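Notes follow once the structure below has been shown.
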Amino acid sequence: MARILIHEPHPDVRILLEAIVRRAGHDPVGHGELANDDAPELMILEPASADGLAAAARLRRRLGDLPIICTSIEPPNGASNALRPIAYLVKPFRLGELEAAICSALAA
């Protein structure tokens with residue numbers, strides 16, 4: 001079971017993402033639930049959120065190989081591409097697409 005950090009600004013979408021992560025057999029955690037030295041195995045990020053991008057950049061500096069999956073209503077841009085996400089899913093996407101991206105990210 002992997003700890004997966006979910007950084008999604010919309011509570012209803014975050015709840016759905018948490019349910020998908022649990023269904024895949026993993027432990028979803030929110031940004032506020034991590035201590036400074038905690039390291040998730042994967043991050044799911046809404047890159048349209050400035051706070052999310054900043055959090056991802058900080059984690060990327062500390063954990064250079066942290067896999068990131070972006071889930072957004074917006075297409076990729078320079079800031080999101082700079083994070084080198086393992087997957088970029090444009091909302092709305094199929095739940096199976098996110099499950100497959102999670103499995104692929106954790107297997108890599």
Checklist line | Where H31, H10 fall by accessible area, highest first, once all protein chains stay in place (1.4 Å) | finding: H10, H31
Check: Contour minus end-to-end for R58 and N81, with contour as 0.36 nm per residue of separation and end-to-end as the Cα-Cα distance?
Finding: 6.7 nm
Notebook entry, point to check: Counting Lys and Arg as +1 and Asp and Glu as -1, each charge on the Cβ, what is the dipole of the chain about the Cα centre in debye, to the nearest 20?
Noted result: 220
Notebook entry, point to check: Ratio of the chain's C-alpha Rg to 2.2 N^0.38 Å, to two decimals?
Noted result: 0.95
Check: Around L34, which amide H atoms from residues at least 5 apart in sequence, or from another chain, sit under 5 Å from its own amide H, with H modelled in the peptide plane?
Finding: none
Checklist line | Contour minus Cα-Cα distance for E97 and D65 (0.36 nm per residue) | finding: 9.3 nm
Notebook entry, point to check: For the chain, what is the mean residue ellipticity at 222 nm derived from helices alone (per DSSP H run of n ≥ 4: -39500 (n - 2.57); sum divided by total residues; nearest 500 deg cm²/dmol)?
Noted result: -12500 deg cm²/dmol
Notebook entry, point to check: In terms of modelled amide H atoms, which long-range or inter-chain residues lie less than 5 Å from the amide H of A2?
Noted result: D27
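The values are calculated or read from the model by the stated rules, or taken from the named source; none is laboratory data. Predicted model, so just to flag it, every value in this text is computed and none were measured. Virtual Cβ from ideal backbone geometry, glycine too; neighbours counted across all protein chains shown. To get the accessible areas, we keep the full protein, side chains included, count just its heavy atoms, and leave off ligands, DNA and RNA. Shrake-Rupley method; radii C 1.70, N 1.55, O 1.52, S 1.80 Å.
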